[in-house]
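Undergrad: Provided herewith is a single structure, encoded as structure tokens, for subsequent inquiry.
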Amino acid sequence: MKWRPGKKQFSIMVSVILCSLAIMLIYYVIFNWNSLEKGINRFLGILTPIIIGCVIGYILTPILNFIEKQWIYPLYKLGGVNLKESQYFQKRKKVRKLSVALTMILFFAVLYAMLMILIPQLIRSIRDIIRNFPFYATNLQRFMDKYLDDNPSIRRVMDTLLQQYSDTINNMFKDNVVPNLSTMITTISKSMMSIIQVFLYLIVGVVVAAYVLNSKETFIGQGKKICYAYLKREFANEVIGAFRYAHYTFTGFVMGKLVDSIIVGIICFIVLKILKIPYPIVLAFGVGITNIIPFFGPYLGGGFGLILLIMINPFKALVFLIVIVILQQIDGNIIGPVILGNSTGLSSFWVIFAIMFFGGIWGPIGWLIGVPVFACLYTLARHITMNRLRDKRLPRDTSTYIDAAYMDDSGIVTLENADNSRYYVHNDTSTWRRIFKFYRSKKKIIENVLPNMGSDNEETVKKEEGKKHSEGAQEKTLEQVGTQGLDDYDK
């Protein structure tokens with residue numbers, strides 16, 4: 001007789017196989033993490049051009065949609081052709097190719113303008129800074145000497161610190177830099193090769209971006225089809241909604257932050273040019289680029305310009321600092337809210353947390369995309385929590401739980417109405433009263449501390465004692481009744 005496993009036996013067998021595979025995978029990850037990490041990095045290195053192309057295509061998608069929906073579709077509609085109708089599918093494909101071509105032309109035009117207009121100005125300014133750096137250093141030294149001559153005590157402290165750190169720097173240079181010059185040269189040559197490799201990746205990425213833009217609706221439809229094919233309907237709806245929210249958050253924050261940073265950089269350049277502050281292009285470019293990083297970015301850009309201007313002219317540095325502070329206030333209260341709005345829905349604390357956490361994992365890229373990534377995770381956790389509260393039929397408003405002490409069958413009990421004998425709710429005495437011993441729970445202790453109390457106080461004490469006596473007698477009577485009731489029950 002042949003053994004034919006049933007559905008239950010087959011399920012048990014599959015579960016055992018999956019558990020075994022999971023255990024082997026965990027073992028391999030724990031004890032072979034280095035080789036696994038190398039394999040992941042190699043795999044990502046192979047896919048780097050594809051990833052770059054997808055990122056470029058994702059960034060250019062709003063431009064493509066604008067060209068297609070605001071320019072080309074209305075032109076066809078004036079001619080009596082509504083491209084949104086299903087019968088014009090072939091024409092939509094031709095329009096998409098034209099839109100992709102116009103988008104890529106605009107992208108290369110902006111890139112060419114940056115390379116031919118902005119980059120030469122930056123190179124010229126940086127070259128001037130390097131050429132004049134000895135003069136700036138001498139100028140700063142004269143200013144510091146004059147200031148320290150007027151303050152001898154500060155000069156002694158500065159001389160001690162300079163002597164200490166100069167010895168440390170010299171020792172570090174002799175012990176670490178000089179013996180590793182050959183390694184440093186090799187690293188620099190590898191970096192040059194990496195730059196060439198990145199340039200080739202960009203070329204391939206642009207080609208991939210064109211294909212992504214041309215077929216973006218097909219990719220979206222395929223992704224939704226896979227979700228509905230392999231997941232339950234409700235869960236598939238949740239997954240698609242999560243991706244839709246992530247798309248909204250990324251486009252709203254990243255694109256808005258880019259536009260905001262460009263506006264801040266242009267305003268900074270105009271103001272610095274009017275005030276005749278040296279190197280306005282370099283300083284405005286630094287402020288605009290670092291403004292992309294939320295919260296900490298403006299301080300990084302302003303700090304770089306401030307250090308540079310201190311060496312040139314301390315008064316100009318002070319003016320630049322005032323300009324940056326005013327500009328950041330305008331950006332934070334007017335420009336930023338108008339462009340970005342509340343695209344992430346995160347408080348200031350979570351913004352700082354996201355920047356520090358993802359910046360530590362991914363570096364500068366994490367500073368930029370950490371906030372929208374954390375916003376997606378935060379919203380997902382919030383959505384799950386709200387669903388759990390709804391299933392338990394509990395309030396979902398956060399303000400309801402602020403004064404909550406505990407929850408019983410009747411619902412949430414506030415701190416004001418809580419029973420301290422059931423759960424620890426609050427302390428009867430404040431911290432200051434416990435520290436200075438100004439408060440005592442019993443009246444007799446207060447009488448010992450202040451023996452000369454008035455007649456009113458004595459009457460109050462007598463009333464309290466009488467009240468306690470009557471309460472004690474009542475409790476005794478209740479105990480007797482309870483004991484008698486128990487005796488009757490035993491009988």
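Undergrad: On a C-alpha basis, how far is the centre of region 56-78 from the centre of region 81-108 in Å? Whole number, if you could?
TA: Value for the Cα centre distance between the two parts: 8 Å.
Undergrad: OK, next. Pulled fully out, how much extra length does the chain show between Val338 and Ile270, if you take 0.36 nm times their separation in residues and subtract their Cα-Cα distance?
TA: On the way: separation 68, 0.36 × 68 = 24.48 nm, distance 2.11 nm.
Residue separation times 0.36 nm, minus the Cα-Cα distance, leaves 22.4 nm.
Undergrad: Further question: Taking the simple approach of a point 7 Å from Cα along Cα-to-Cβ for both Glu37 and Arg390, what is their distance in nm?
TA: 4.2 nm
Undergrad: Give the Rg/Rh ratio for region 11-60, taking Rg as the radius of gyration of the Cα atoms and Rh as the Kirkwood radius, to two decimals. Write out the running numbers ahead of the final one.
TA: On the way: Rg = 17.3 Å, Rh = 13.6 Å.
Rounded to two decimals, Rg/Rh equals 1.27.
Undergrad: At a Förster radius of 45 Å, what calculated FRET efficiency corresponds to the Cβ-Cβ distance of Ile26 and Ile330, to the nearest 0.05? Could the numbers behind the result be given before it?
TA: On the way: r = 53 Å, r/R0 = 1.18.
The formula returns an efficiency of 0.25 here.
Undergrad: What FRET efficiency comes out for Asn420 versus Leu380 if R0 is 35 angstrom and r is the Cβ-Cβ distance? Round to the nearest 0.05.
TA: FRET efficiency, Asn420 to Leu380: 0.40.
Undergrad: Note down the nm distance, to one decimal, between modelled labels 7 Å out along Cα→Cβ at Thr398 and at Ser410.
TA: 2.9 nm
Undergrad: Can you tell me the FRET efficiency between Leu122 and Val239 if r is taken as the Cβ-Cβ distance and R0 is 35 Å, rounded to the nearest 0.05?
TA: Working: r = 45 Å, r/R0 = 1.27.
Taking R0 as 35 Å, the efficiency between Leu122 and Val239 is 0.20.
Undergrad: Now for a different question. Along the charge dipole of region 4-84, which of Val16, Gly53, Leu64 sits closest to the positive end, that is, farthest toward it, with unit charges on the beta carbon of Lys, Arg, Asp and Glu (+1, +1, -1, -1)?
TA: It is Val16, whose Cα lies furthest towards the positive end.
Undergrad: Order the peptides 56-64, 15-23, 220-228 from the highest to the lowest mean number of other Cβ atoms within 10 Å of their residues.
TA: Values: 56-64: 18.4, 15-23: 10.0, 220-228: 12.8.
Per-residue Cβ counts within 10 Å, averaged per peptide and sorted highest first, yield 56-64, 220-228, 15-23.
The numbers here are math on the coordinates, done by the rules we state, and not lab data. This structure is a prediction, so every number in the text was calculated from the model and none was measured. Glycine gets a Cβ as well: all are built from the backbone with ideal geometry, and neighbour counts include every protein chain shown.
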